[in-house]
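In what follows, a structure is listed as structure tokens, so that the remarks can point back to it.
The values are calculated or read from the model by the stated rules, or taken from the named source; none is laboratory data. What you see is a predicted model, and the numbers here were worked out from it, not measured in a lab. Note that we place each Cβ from the backbone using ideal geometry, even for glycine, and neighbour counts take in every protein chain shown. The area values use the complete protein model at the heavy-atom level, side chains included, leaving out ligands, DNA and RNA. Shrake-Rupley method; radii C 1.70, N 1.55, O 1.52, S 1.80 Å.
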Amino acid sequence: MPPSPSPAPSNACLACGSPDSHTLFHASDRLYATTEKSFLVVECARCRLLRLFPKPTPEELSSYYPTNYWHANPGDQITALEDLYRRFVSWDHVRFLESAIRHAGPGLVLDVGCGGGLILRLLRERGHQVLGSDFSLDAARVAWIQNHVPVFCGTLSQAPLPPASLSVLSMFHVLEHLYEPQDYLNAAHRLLKPGGRLVVQVPNAASWQFLLFGEAWNGIDVPRHLHNFRLADLTVLLDRCGFTPVRVKHFSLRDNPAGFSTSLAPSLDPMARRVRRIPESPSLRLAKNIGHLSLALLGLPFTLLEAACRAGSTIMVEARKTS
Ligand SMILES: [Zn+2]
């Protein structure tokens with residue numbers, strides 16, 4: 001989800017306000033090659049939250065998001081096999097959301113940064129009332145035309161919804177892209193009904209994959225990830241914005257094994273190939289997709305083990321609106 005226009009970014013730590021930091025490494029845009037610049041990833045000297053330093057201006061940051069930055073292209077000929085794969089690996093997210101809906105009670109579910117809306121479609125097919133939001137008009141068009149999911153374009157504070165109108169609000173891989181994640185968490189708090197549930201997923205900066213791959217780990221995604229959270233960092237932010245985590249999951253079938261594969265071989269990543277418009281014959285495309293899937297399957301035991309040790313490469317949290 002591309003970022004919204006924001007005021008000049010602060011380079012202090014968003015969690016504790018400290019301007020002091022230690023440099024971890026330099027990195028470039030390994031996945032989408034939108035720029036040849038090198039960026040610094042630093043760790044807050046006081047609370048250890050990781051952040052990009054210095055933060056790019058909103059204009060710079062916009063240029064790091066290719067126009068087709070999301071999980072499907074309008075008019076893209078998605079093969080039946082790919083569609084089946086996407087549905088299969090998305091069930092993890094759907095099941096997690098359905099549990100949150102059960103806990104919150106029936107009502108409207110809003111997915112922020114919904115892309116083409118596949119997860120919402122799967123929820124809608126199971127009888128839930130859904131709405132999406134995304135900055136991309138193309139994403140909104142695909143969500144509506146292909147997946148029959150209504151989507152609004154804009155920031156969460158611009159959502160055309162009255163306060164306390166949502167049962168569940170989800171943000172999968174959104175917070176790490178934002179200058180001020182608290183703004184979105186505060187907006188989520190206003191929009192959720194009492195006892196409503198927030199579902200958040202972010203890459204886990206305390207994962208074994210980060211230890212293994214370092215700056216080559218795809219979860220860092222320089223320069224689009226402005227912050228990189230550990231569970232403790234996320235818990236502090238959620239608590240500050242009136243949420244209490246009630247459930248944490250360290251494994252995502254869609255994200256963890258595929259992230260392992262992309263970290264090893266970014267040139268095989270299907271989304272990166274689409275975004276970079278790499279010319280491919282159908283047979284080469286199939287071969288690369290099989291290569292990516294094979295590496296993901298190879299990494300599956302490792303990704304399951306790290307998740308079992310609460311060090312999976314993503315964290316999915318269900319949090320209850322508490323105040
Ligand atoms: Zn800090």
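If you build the convex hull over the alpha carbons only and average its shadow over all orientations, what do you get for the chain? Give it in nm² to one decimal. Taking a quarter of the hull surface, the average projection is 15.1 nm². Taken per residue, the accessible surface of segment 170-323 reaches 38 Å², heavy atoms only and a 1.4 Å probe. Sparse packing (at most 14 other Cβ atoms within 10 Å of the Cβ) combined with a DSSP loop state is found for the following trypsin sites (Lys or Arg not before Pro) in segment 95-190: Arg126. First compute the accessible area of the chain with a 1.4 Å probe, then give the percent of it belonging to carbon and sulfur atoms. That fraction is 59 percent. If a spin label sat at a point 7 angstrom from the Cα of Ala308 along the line to its beta carbon, the backbone N atoms of segment 242-276 nearer than 18 Å would be those of 249-253, 256-257. Applying a length cut-off of 27 Å (Cα extent along the axis) and a mean Kyte-Doolittle floor of 0.0 to the DSSP H helices of the chain leaves 282-308. Listed by chain and number, the aspartates and glutamates placed with their C-alpha closer than 17 angstrom to that of Lys37 are Asp29, Glu59, Glu60, Glu215, Asp221; residues fewer than eight positions away on the same chain are left out.
Against the empirical 2.2 N^0.38 Å (N residues), segment 80-248 has a Cα radius of gyration ratio of 1.02. Cross-link reach is defined here as a Cα-Cα straight distance under 21 Å, omitting same-chain residues fewer than 8 places apart; for Lys321 the lysines meeting it are Lys193, Lys249. Note on Ile290 and Asp183: their simple-model spin labels are 4.7 nm apart, each label 7 Å out from Cα toward Cβ.
Working from label points 7 Å from Cα in the Cα-to-Cβ sense, the Leu81 to Leu40 distance is 4.7 nm. Here the chain carries DSSP beta bridges of which approximately 60% are antiparallel, counting only pairs with both residues inside. Take each peptide in 161-167, 315-321, count the other Cβ atoms within 10 Å of every residue, and average; sorted highest first, the result is 315-321, 161-167.
Of all lysines in the structure, not one lies under 26 Å Cα to Cα from Lys288 without also being fewer than 8 positions from it along the same chain.
Relative protection proxy for 16-24, 293-301, 269-277, from highest mean packing down: 269-277, 293-301, 16-24 (other beta-carbon atoms within 10 angstrom).
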